[in-house]
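Peer 1: Following this message is one structure expressed as structure tokens.
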Amino acid sequence: MEQEEIYSKVLRAGRRTYFFDVRATKAGDYYLTVTESKKFTNDDGSFHYKKHKIYLYKEDFTEFNAILAEMTDYIINEKGLEVISERHQKDYVKEEFTTEDSKDEASADNFTDVSFDDI
């Protein structure tokens, strides 16, 4: 059974909401839960939420923070802070994968030249 929240913060981000909750273990130590809640609308107009939760314990904080910083720095260094997506940019052009591309790819990536006579 989950323990009562000791300290909480909420980040609303469009259809997603992130909940950061400090909780206590039975022994009285603290840990962090991060919950992503995403709103989905049904065809009839009603809606429901899907939630995903991670539990982060103190012994993992240092490595978790280091990897999170490394990954976020990598993304910002590679792509910048501007959001690139259909949803966020009116002039976004989605690259289409045409049947012509798939023909070229199929011939270029043909990795077997085995005929059934060889078997």
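Peer 1: Test each condition in (1) at pLDDT 90 or above; (2) at positive phi for LYS50 and report the one that comes out false.
Peer 2: Against the list (1) at pLDDT 90 or above; (2) at positive phi, LYS50 comes up short only on (2).
Peer 1: Are there any pairs, at least 6 apart or on different chains, whose C-beta atoms fall under 6 Å, with the first in region 32-53 and free of Cβ contacts under 8 Å to residues at least 12 places away in the same chain and farther than 15 Å from SER8 by Cα and the second part of a strand (DSSP E or B) and of a type in the set (S, T, N, Q), and if so, which?
Peer 2: Close Cβ pairs (under 6 Å, with a partner that is part of a strand (DSSP E or B) and of a type in the set (S, T, N, Q)) amount to PHE47/THR41.
Peer 1: Among (1) more than 16 Å from the chain's Cα centre (by Cα); (2) surrounded by fewer than 11 Cβ atoms within 10 Å (Cβ to Cβ); (3) of a type outside the set (A, V, I, L, M), which single condition is ASP60 missing?
Peer 2: Going through the list (1) more than 16 Å from the chain's Cα centre (by Cα); (2) surrounded by fewer than 11 Cβ atoms within 10 Å (Cβ to Cβ); (3) of a type outside the set (A, V, I, L, M), ASP60 breaks only (2).
Peer 1: Anything in region 71-87 that is among the acidic types (Asp, Glu) and surrounded by 10 or more Cβ atoms within 10 Å (Cβ to Cβ)? List them, or say none. Talk me through it step by step, then tell me what you get.
Peer 2: Within region 71-87, the first condition is being among the acidic types (Asp, Glu), and the residues that meet it are 73, 78, 82, 86.
Hit for region 71-87 is ASP73, nothing else.
Peer 1: Would you mind stating whether LEU68 is assigned to a strand (DSSP E or B), aliphatic (A, V, I, L, M) and within 20 Å of VAL10 (Cα to Cα)? Walk me through how you get there before you give the answer.
Peer 2: Values: assigned to a strand (DSSP E or B): no; aliphatic (A, V, I, L, M): yes; within 20 Å of VAL10 (Cα to Cα): yes.
Criteria not met by LEU68.
The values are calculated or read from the model by the stated rules, or taken from the named source; none is laboratory data. Keep in mind that this is a model prediction, so the values were computed, not measured. Cβ: placed from backbone, ideal geometry, glycine included. Neighbour counts: every protein chain shown.
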